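A short worksheet on the structure shown next.
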Amino acid sequence: MADTALHTEHHTSTGLSNVKLGMWLFLGSECLLFGGLISTYMLYRGRVGEGPTPSQVFDIPFTSVSSFVLLMSSLTMVLAVSAANQKDDRGTTLWLTITALLGATFVGGQVYEFTAFYNEGLGFTTSLFASSFYVLTGFHGVHVTVGIIMLMSLVGILKRSKVPGSKSETVEMIGLYWHFVDVVWIVIFTLIYLIPV
Amino acid sequence: MAIIERPATDTPAVVAPTVPSAAYGALKRPVSTTSTWRSWLFTVDHKKLGLMYGAVALFFFIVGGLEAVLIRLQLAAPDGKVLNADLYNQMFTMHATTMVFLFVMPMASAFANYFLPLQIGARDVAFPRINAFGFWAFLFGGIFINMSWFLGGAADGGWFMYAPNSGPIFSPSNGIDFWVLGLQITGIASLTGAVNLIVTVLNMRAPGMSLMRMPIFTWMVTVVQFLLLFAMPVITVALFLLMFQRNFDATFFDVAAGADPLLWQHLFWIFGHPEVYILILPSFGIISEVLPVFSRKPLFGYPFVVFSGAAIGFVGWGVWAHHMFASGLGPVSVAVFSVATMAIAVPTGVKVVNWTMTMWGGKLQFTVAMKFAIGLVVLFTIGGLSGVTHSVAPSDTQQTDTYYIVAHFHYVLFGGAILGLFSGFYYWWPKMFGKMLSERIGNWNFWWMVVGMNMTFGPMHILGLQGQPRRMYVWTEARAGEGFFNLGFWNLIASIGSIILTIGVLFFLINIFVTARSKKQAPLDPWDARSLEWMTSNPPKEHNFDSLPTVGHLDEFFHRKYQEDENGQMQRVKSAEEVLKELEDNADAHIHMPSPSYWPIVLALGLPVIGFGIIYSIPLALLGGAIVLFGCYGWALEPSTATEDEIDPPSGGQSQEVVKVG
């Protein structure tokens, strides 16, 4: 997807570029993926068996902070897109790096949280609640991680790029993905942590 | 990715590289030649990919067919000895899986890949490399699933893979693991294909090709891609949960651990019911092209056919639980899904009416393609009617898990989907290969298939209503009943029918062989067809159209050939050759086609490695992940169109990429 700059000038029937339309469709599909996982969690969240209950393990202040970090990364992503549109490759690189760092902080928080839960007796197979919790939040974590890899790769590509602003559409595409992953987290955070079982 | 076209100017039409070229070491850009195996392995041409989809799907059709014949041989007589119970379970599971995921879906992809860009007047799909990736992922996924036969036994839980039968206790072999991971891989192929084709339809139409001027086949394929886009992630979730249960000891479907086995059924059928429309709608599209051509009339009520197809797409999401009437959902759910199921018969009925009215009063030409199309209308209607009986929940509860259901879905899938695909073979063969399939052998093909099909699946209505259960590996004479309803008689008829059906398919293979050896070239426009895919040579040039046509009508090609005279009669004013000549005379000076690439196949190759890794050892999965990552990077760093110096061996002067036409 390195050649998106070419396509912005290319005529399309809708006026939208192919990659942008493709990304929107892909995100539409992702909605159903998370929809299925969230449904599974909602079905099983009360089935704790012999294991710990959600209220025993959840540390809501901690997760709130890491959620805040993730949401702030959407802001820095917007700044990266804005810098890219102004053909400011240095600014883009800077904001992309900050976005990736904020994302990494969130994933780090998730790893810490999983470890803490595990030590408190909530293994992957402890109960249906545990399995569906780990699968749902784990899938989200994988999505964030893939986003971080894309952001860092983009930073690397930008450093080699000779034409300023030539990657602006790629930045925008990864931005769409990143915002989507954030929005999904708002839903997941609300459903998992804020609604009492 | 997309095709880059430049207006004919004096400046040379060379696209500037967006990253430094020749930086990929061992994997430099492959040569784009027309004769070697490399030109197929690394191609991104939608037509070559379409042919490869078709060839592989046809192979899996034969595999799935042989599995079906073994099932019928086992059931031909009481206490069959051909298969044991375990092998029988594997056989019916893999028969269904192969036919659904490895034949009908990819064969529809084959036609869609080949003809959708041609029908909308495009030179390729929106993302040619993703298209290539989709094909390789499908191929590797299909091989991966079938490797289970040689690695301890295939999946044996039925294609619906209900819990608890799919758990490790009841199915300890790796068959279901191969099935789960293989379907994930083919699912990725379907998803990428869906995104690709939707973007192609929305964005790459020729000038003037508004949505309501698109050929019906393109419309139906588009509806199918939307269904795939939203149905595949649901089965992906279900398969992931099953994988975690089987390979990582989770208990998502384990009732003893407090799980709800209905979760699998809901997830599976939320995917599974849209899936049946994914299977049938491409064939509806094909015969909506074939019937008007051989009736010498435009399609009756084009907008109705379009919107009823879209309506089927929508309502198809609201009927999934009619597969679960016997699971105790409760009266409200059952009532709602009963009514929804009755409702979805309406848009389907609209289509049948439209096809009939298209033929009504037409000058019918009974070519083989037309016969298959009419066969679809008749046999699908029979299957559709028995389908409506399933919406009556009390009756359905009686029929659940009997051969009546088997009869129903074979009438809609064989009588519907597969006859439609065969109609497409005969109709489009001259377009794809430049030679006509023999009509004489085709007639044998058609009649043996139709007679065999009715003999095989017709008696199953009786067997089912008499109570013969599905998926039982034997039946006994002692309980077979008397007289007309004797199970033995009808089982034997069904088994003989399956042999006749097989011979019918054999005639098709003979026909392919005979046609391939024949020297006779097809005329440019053998059927006097109506849509844009015929407005190019047979087979089409690599860039499809010398100049992109400007579309002014539905059935554009027909309207270029025929015009109304003063009496309101359509009169032929031009031959197909003359229409084509006009396009050639106005040919675009420079046409850039996307260049071949190694990366799609590299990326796809990583997926089965991950699959093996999950089953056998995690480090192998990490290796697969590394291959995928490597493929992604190579892909991202490679511009979709090669520059002159990237083509190895370096070509002097005019490159393959710049096709000089006219």
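Taking a cut-off of 15 Å between Cα atoms, list the aspartates and glutamates near B:Lys351, but don't count ones fewer than 8 places away on the same chain. Excluding near neighbours in sequence, the set is B:Glu289. Here's how it looks for B:Lys435: its modeled amide H is under 5 Å from those of B:Ala522, which are all 5 or more places away or on a different chain. Among A:63-75, A:89-101, sorting by the average number of other beta carbon atoms lying within 10 angstrom of each residue, highest first, gives A:89-101, A:63-75. With charges set only on the Cβ (+1 for Lys and Arg, -1 for Asp and Glu), what does the dipole of chain B come to about its Cα centre, in debye to the nearest 20? Its charge dipole is roughly 980 debye.
Neighbouring Cβ atoms from other chains, within 10 Å of the Cβ of residues in A:12-20, number 6 on average.
Dividing the convex hull volume of the alpha carbon atoms of the protein assembly as shown by its residue count gives 169 Å³ per residue. Taking the longest Cα principal axis of chain A as reference, the axis of helix A:128-160 is set at about 20 degrees.
Remark: mean inter-chain Cβ contacts per residue of A:147-157 equal 2, using a 10 Å Cβ-Cβ cutoff to other protein chain atoms. For the protein assembly as shown, the dipole from Cβ point charges (+1 on Lys and Arg, -1 on Asp and Glu) about the Cα centre works out to 1200 debye, to the nearest 20. Cross-link reach is defined here as a Cα-Cα straight distance under 16 Å, omitting same-chain residues fewer than 8 places apart; for B:Lys581 the aspartates and glutamates meeting it are B:Asp525, B:Glu533, B:Asp546, B:Glu556.
Charge dipole of chain A (Cα centre as origin; +1 on each Lys and Arg Cβ, -1 on each Asp and Glu Cβ, all else neutral): 300 debye, rounded to the nearest 20. For B:Lys48, the aspartates and glutamates whose Cα comes closer than 15 Å to its Cα, not counting residues fewer than 8 places off in the same chain, are B:Asp124, B:Glu542. Sorting the segments B:90-97, B:147-154 by their residues' average number of neighbouring beta-carbon atoms within 10 angstrom, most packed first, yields B:90-97, B:147-154. The angle separating the long axis of helix A:60-85 from the principal Cα axis of greatest extent in chain A is about 10 degrees. Summarising the overall dimensions of chain B from its C-alpha atoms, the Rg and Dmax are 25.5, 87 angstrom. Using the alpha-carbon centroid of each, what span in Å lies between the stretch B:196-210 and the stretch B:406-461? One Cα centre to the other: 31 Å.
Sorted on the mean count of surrounding Cβ atoms within 10 Å across their residues, most packed first, peptides B:560-569, B:607-616 read B:607-616, B:560-569. Pairs exceeding a 19 Å alpha-carbon distance, out of B:Lys47/B:Lys435; A:Lys20/B:Lys541; B:Lys363/B:Lys431; B:Lys431/B:Lys519; A:Lys20/A:Lys162: A:Lys20/B:Lys541; B:Lys363/B:Lys431; A:Lys20/A:Lys162. Counting Cβ atoms of other protein chains within 10 Å of each Cβ in A:121-134 and taking the mean gives 3. Note the angle between two axes, namely the Cα long axis of helix B:128-147 and the longest principal axis of the Cα atoms of chain B, as a number of degrees from 0 to 90, rounded to the nearest 10. Helix B:128-147 and the main axis of chain B meet at about 30 degrees.
Remark: C-alpha extents of the stretch B:324-434 on the principal axes read 56, 28, 20 Å, sorted largest to smallest. Enter the Cα centre distance for the pair the stretch A:37-92 and the stretch B:272-309, rounded to the nearest angstrom. Answer, in whole Å: 45.
Between the stretch B:216-231 and the stretch B:60-87, how far is it from one alpha carbon centroid to the other, in angstrom? Here the answer is 34 Å between Cα centres. Ranking A:Leu37, A:Ala130, A:Ile174 by how far each Cα lies toward the positive end of the dipole of chain A (charges on Cβ) leaves A:Ile174 at the top.
Only the coordinates and a few stated rules stand behind these numbers; no lab work does. Since the structure is predicted, the reported quantities are computational estimates derived from the model, not experimental observations. Glycine also receives a Cβ, built like all others from the backbone with ideal geometry; neighbour counts cover every protein chain displayed.
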